[in-house]
Amino acid sequence: MPTATLWPGPYGLGAPRRPVGSAPRPDGARVPFGSALWRAGFAGFVFDDPYRHWPTLGDLDLHLFNEGRHRRLWEVLGAHPRTHEGVAGTAFAVWAPNAKGVRVVGDWNFWDGRVHPMRSLGSSGVWELFIPGVEPGARYKYEIVAADERLTLKADPFALPPRCRRARRQS
């Protein structure tokens, strides 16, 4: 299964993506997807490559969205756990028409926006990415790159409200 192995380099995390089954540790064990790696004092990540998957929004969704006639936006925008092309993960989609770039950050990528930049779906202003291995309930936000290169973290407008534990009564 192809993966993206991201190691810090002179220009930050990212750069080379090479297909590997999983990453070997010095003791010979294999590191599962979504794990942090430590090599020579540098941190790295091993992920199933999200960019090998087709977009989860179809042409009809984008057509109806652009016309302002999509009646079920909550089913296509936001975060939706699903199996896509035989791989379990979560599909993320957000409308950010004036953004220069949008990234997904969360617990699975240590809140580092350089790991999962999203794809722009034409002139619709919709940004999308399917990330394998992200489970329901994972905490996330969108990192918006503005035209002047400012980074802003935004909550998902289509996210379900967070569930809070009820306080127990003291007897």
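Every number in this text was worked out from the coordinates using simple rules, so none of it is lab data. Just so we're clear, the structure is a prediction, and the values are computed from it rather than from any experiment. Glycine also receives a Cβ, built like all others from the backbone with ideal geometry; neighbour counts cover every protein chain displayed.
Here are some notes:
- Residue within the stretch 85-98 that is more than 16 Å from the chain's Cα centre (by Cα), closer than 22 Å to residue 58 by Cβ and among the hydrophobic types (A, V, I, L, M, F, W, C) present: no
- Residue in the stretch 60-114 that is farthest from residue 134 (Cα to Cα), counting only those that are assigned to a helix (DSSP H, G or I) and free of Cβ contacts under 8 Å to residues at least 24 places away in the same chain: 67
- Per-region count, the stretch 115-135, residues over 21 Å from residue 60 (Cβ atoms), among the hydrophobic types (A, V, I, L, M, F, W, C) and assigned to a loop (DSSP other than H, G, I, E, B): 2
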